[in-house]
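The values are calculated or read from the model by the stated rules, or taken from the named source; none is laboratory data. All values reported here derive from a predicted model rather than from experimental measurement. FYI the Cβ positions are ideal-geometry reconstructions off the backbone, even for glycines, and counts take in every protein chain you see. SASA here: full protein model, heavy atoms, side chains in, ligands and nucleic acids out. Shrake-Rupley method; radii C 1.70, N 1.55, O 1.52, S 1.80 Å.
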Amino acid sequence: MVTAGAPAPATVDLGDPDTFADHDLDGFWRTLRDTAPVYWNPPVGGRRGFWVLSRYDDIMAAYRDDLNLTSEHGNVLVTLLGGGDAGAGRMLAVTDGHRHHELRKILQRVLSPRVLSDVAAAVRANTRRLIREAVEAGGCDFAAEIASRIPMTTISNLLGVPEQDRDYLLAQTKAALSADTEDVDEVDSEMARNEILLYFMDMVEERRAAPGDDVISMLVASSIDGVPLSDEDIVLNCYSLIIGGDETSRLTMIDGVHTLAARPEQWRRLKDGEVAIDTAVDEVLRWASPTMHFGRTVVRETEVHGVRLRPGEIVTLWHASGNRDERVFERPGEFDLGRAPNKHLAFGYGPHFCLGSYLAKVEIAELLLALRDFTTGVEQTGKALRIRSNFLTGFSTLPVRLRPDPRSMKEAATQ
Ligand code: HEM
């Protein structure tokens, strides 16, 4: 059954960033889930074709299957189609097997809830300050002035990035994965990725000479099977923390505020304390699904719904669809802050499940709490611009007015 109004699958190229700017793909995804759950996105120009999984259960099964599917040839379309990931076998997300297990244990130590209690307190203070200032100022670009300053500050604190370098790193991160404007192309993104790597190379050298109590110093002192991590290993994993931790959380926050501004009835539920914050955070994540896909490469022939996937072929797993799968979520097209259960796929699943999920949830929760405490609502005052990417989705600008809650603003002023 082809859904009325949905673009025909043959006319949609999921490798092309413009596809996501130009189309509302809800109908397209429903058509794939119903009629072609293992869909072949054909080659376009000189670019290879790839498999597309759109159902929640198939995505979960693929995430679990590290026997037949590997991350070591890349885990996003841009690297999978570009012939591989330079960090393969060294950067956590694109490493499998024993080394992945050992590296994950090292990084887990710095990203576990127990270790992060100070970081969480700093997130709370920083977020509340930014929201209070924006309320006092009347209006702001929520994307540039608030969301850009929460995850980046958090990761920079973790990694020990000095204050004066943060704006520079933020600009590189924005260019590295997505493009805020059409003027930024793949060459600019590649250059930005190299800039980030070079930046961390210098920091590793500094920390080897004078260790501190930050994550880089901890990585400098870590080994796997008795062999210390090399400078390159450390740099690649810092890169992965900054790339993985900044843009995803930032886009989720922007989407959350954009969605709340358009749905006063859901805002009311939040403001009146009708919904638990953790439950609301999960729905914000499901709704935003900031990473639209992740991907794997087939290493052993395997079958999904009778379709044979052959070694060397690329398989992409689409959260943008799985998180709206009506087989799993009731009324998936409704934003419902009280949704429970809500086992969304925003953080992936299985051996590569997002290592920063706790931190991301703290950041989103603190944002919702600060909005609830200091405002009576959010009003969108201008057009929100979409980023251009086949991997990430969301907005690069979001002009808003935060309506002050006079009572709590007054209390905050006296604290
Ligand atoms: C992995 C999403 C925030 C660090 C992943 C994966 C997803 C994801 C889907 C799995 C990738 C795969 O299977 O190939 C998100 C979302 C976030 C977020 C939606 C925010 C809303 C963060 C933060 C950090 C982080 C804040 C770090 C501070 C990582 C790392 C991995 C990862 C290191 C690799 C884990 C592994 O391969 O074992 N993330 N992430 N993420 N994420 Fe996140």
Quick check on Ala121: is it within 29 Å of Asp213 (Cβ to Cβ) and without any contact (Cβ under 8 Å) to a residue 12 or more places away in the chain? yes
Subset of the range 302-325 that is touching a residue at least 60 places away in the same chain (Cβ under 8 Å) and part of a loop (DSSP other than H, G, I, E, B) - its residue that is surrounded by the fewest Cβ atoms within 10 Å (Cβ to Cβ): His305
Could you give every pair whose Cβ atoms fall below 7 Å, whose first residue belongs to the range 144-157 and is more than 10 Å from the ligand (Cβ to nearest atom) and open to solvent by less than 10 Å² (accessible area, probe 1.4 Å), and whose second residue is at pLDDT 95 or above and not in a helix (DSSP H, G or I), counting only separations of at least 6 or pairs across chains? Ile146/Cys140
Can you pull out every residue in the range 57-98 that is open to solvent by less than 20 Å² (accessible area, probe 1.4 Å), in contact with a Lys or Arg (Cβ under 9 Å, 6 or more places away or on another chain) and closer than 21 Å to Leu25 by Cβ? Ala62, Leu80
Result of the Cβ filter at 7 Å on the range 332-355, keeping first residues that are in contact (Cβ under 8 Å) with a residue 60 or more places away in the chain and partners that are polar (S, T, N, Q) and not in a helix (DSSP H, G or I), at least 6 apart or interchain, is His344/Asn323; Leu345/Asn323; Ala346/Ser289; Ala346/Asn323; His352/Ser71
For the range 342-388, enumerate the residues that are at pLDDT 95 or above, away from the ligand (no atom under 16 Å from the Cβ) and not in a loop (DSSP other than H, G, I, E, B). Leu369, Ala370, Leu371, Arg372, Asp373, Phe374, Thr375, Thr376, Gly377, Val378, Glu379, Gln380
Selection from the range 272-301 of residues among the basic types (Lys, Arg) and outside any strand (DSSP E or B) yields Arg286, Arg300
Considering residues of the range 158-176 that are within 16 Å of the ligand (Cβ to nearest atom) and more than 30 Å from Glu379 (Cβ to Cβ) only, the residue modelled with the lowest pLDDT: Ala176
For Val78, state whether it is under 21 Å from Pro290 (Cβ atoms), touching a helix residue (DSSP H, G or I) at 6+ places or on another chain (Cβ under 9 Å) and of a type in the set (A, V, I, L, M). yes
